[in-house]
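A quick write-up on the structure given underneath.
The values are calculated or read from the model by the stated rules, or taken from the named source; none is laboratory data. All values reported here derive from a predicted model rather than from experimental measurement. Counting neighbours? That spans all protein chains shown, and the Cβs are built from the backbone with ideal geometry, glycine included. These area figures cover heavy atoms from the full protein model, side chains too; ligands, DNA and RNA do not enter into them. Shrake-Rupley method; radii C 1.70, N 1.55, O 1.52, S 1.80 Å.
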Amino acid sequence: MSVTVIGSANADLVVDVERRPLAGETVMGSDLRVVPGGKGANQAVAAALMGATTRFYGCVGSDPNGRLLCDSMASAGVDISAVEQVDVATGTAMIQVTGDGENSIVVSPGANRLVDAAYLDRHPEWTSAALVVMQHEVPLDTLKYAAVRCRELGVRFVLNAAPAAAIDPQVLASCDPLVVNETEAALVSGSAAQGLEPRELAELLIERGARSVVVTLGEQGSIALDPNEGLLQQAAMKVHAVDTTGAGDAFVGSLAATLAAGGSLAEALAFGTRVSALVVQRPGAQTSYPSRDEVGD
């Protein structure tokens, strides 16, 4: 049940606001909170908390934010022995959270830009995992390098294609599954996706080479398409959202842990949904993630 996460580690700079500012406008917010985040680190923490033997591959700066991130991952049980400290500031994400729990995020990649093919070659043990998870917060050339290696070696590869960006055909052919929200699904599908429903988007992505696809739909839950399991639909749990930051990453990390343990995609969808429902009821990203006992059987 081993999960390797290759990805970003960011310090989240969070401010609560009544509403997001208009162009050229200044609004007053709460006191600043600095909490551990980054899609890669978030997903690694979620997978580890859900019981997977998890190793994280990434870069942080030699600064307090880098120490914050390493301490957070280590305390969750993530193996951070491959994390490199570099002479570039740790990545940061500037997050505005409104009263309905929605957020707006601007990411400064910083040290995440140095997660490249040379870095992966210095740590070849990443290829021994049962499952590798990546996102779009490290260089896309690195993503392609890892995806192709996974396909060559028969390692299951999960891509959370966020932030949204076009996906190289060789990367798409490795995804099992590709995890996207509805907006990301339309973007990576290209101009042919205009006006398509989520199921049609998933079908199009399968036609273009993805081995399986998960499309998350917020309050509408999620759907998945897998050649072996067919079309899967998962309803969302009705809860009061306090902060949606990191909820998608908790979903992906929990899904990865379930798949690495031999679970079906249907089981992974259901489990990821339960975890993310708990996360949105608490503030922060990694700081809001539940333990395995809290999620239950």
- [ ] Please work out the C-alpha center-to-center distance from region 168-192 to region 71-123 and express it in whole Å.
- [x] 23
Task: trypsin sites (Lys or Arg not before Pro) lying in DSSP loop within region 196-262, provided at most 12 other Cβ fall within 10 Å - done: LYS238
Task: Quotient of C-alpha Rg and 2.2 N^0.38 Å, computed over the chain - done: 0.93
TODO: Using the heavy atoms of the protein chains and a 1.4 angstrom probe, tell me the accessible area per residue for region 84-237 in square angstrom.
DONE: 46
- [ ] Sort out the exposed loop GluC sites (Glu not before Pro) in the chain (DSSP loop, at most 15 other Cβ within 10 Å) and tell me the longest stretch that has none.
- [x] 103-228
TODO: Heavy atoms only, probe 1.4 Å: what % of the accessible area of the chain goes to carbon and sulfur, would you let me know?
DONE: 51
